[in-house]
Amino acid sequence: MRRAPVMLLLGLLAATPAFAQKPPRGWSDLSPAERQRAWQNYQRFEALPPARRQDLEDRYRRFQQMPPHEQDRLRRNYQTYRQMPPENRQQFRQNYERWRNRQR
């Protein structure tokens, strides 16, 4: 599944609710719950095959190179997606996969 790296990246970006407003914080600045979530995200990342990790790193680099307003737009879109009921998210993913397959 190719969407797993994208979802992981989005999860990493959303791991800290204040990420959109403030620069990244150091480990010692995180609450215990934030540390646990960050550690779990890191472990999931390390468990990925090398090619998928590289793909995720490339995607994150591209995200970092986007203008701030575009990064904010993507964060807002992801937040909207996360607030959808599970059945709506599933339908969204299915629609996206159909669209993506037509683009190839």
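The values are calculated or read from the model by the stated rules, or taken from the named source; none is laboratory data. Since the model is a prediction, treat every value here as computed from it, not as a measurement. When we count neighbours, we look across all protein chains shown, and the Cβ atoms used for this are built from the backbone with ideal geometry, even at glycine.
Taking first residues from the stretch 80-104 that are aromatic (Phe, Trp, Tyr) and partners that are surrounded by 12 or more Cβ atoms within 10 Å (Cβ to Cβ) and not in a helix (DSSP H, G or I), the Cβ contacts under 8 Å between residues at least 6 apart in sequence or on separate chains come to Phe92/Met84. Would the stretch 57-64 turn up any residue that is in contact with a Phe, Trp or Tyr (Cβ under 8 Å, 6 or more places away or on another chain) and at pLDDT 90 or above? For the stretch 57-64, residues in contact with a Phe, Trp or Tyr (Cβ under 8 Å, 6 or more places away or on another chain) and at pLDDT 90 or above: absent.
Of all residues in the stretch 59-76, those that are exposed (fewer than 11 other Cβ atoms within 10 Å of the Cβ) have Cβ atoms under 9 Å from Cβ atoms of residues that are of a type outside the set (Val, Ile, Thr), 6 or more apart or on another chain, in Gln64/Gln71.
Every residue, every condition in (1) modelled with pLDDT of 95 or more; (2) surrounded by 13 or more Cβ atoms within 10 Å (Cβ to Cβ), yes or no:
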{"site": "Arg3", "(1), (2)": "no, no"}
{"site": "Leu9", "(1), (2)": "no, yes"}
{"site": "Pro23", "(1), (2)": "no, no"}
{"site": "Arg35", "(1), (2)": "no, yes"}
{"site": "Asn41", "(1), (2)": "no, yes"}
{"site": "Phe45", "(1), (2)": "no, yes"}
{"site": "Pro50", "(1), (2)": "yes, no"}
{"site": "Arg93", "(1), (2)": "no, yes"}
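Tell me, please, whether a residue that is among the aliphatic types (A, V, I, L, M) and either within 12 Å of the chain's Cα centre (by Cα) or at pLDDT 95 or above (or both) can be found in the stretch 68-82. The answer is yes; a qualifying residue exists.
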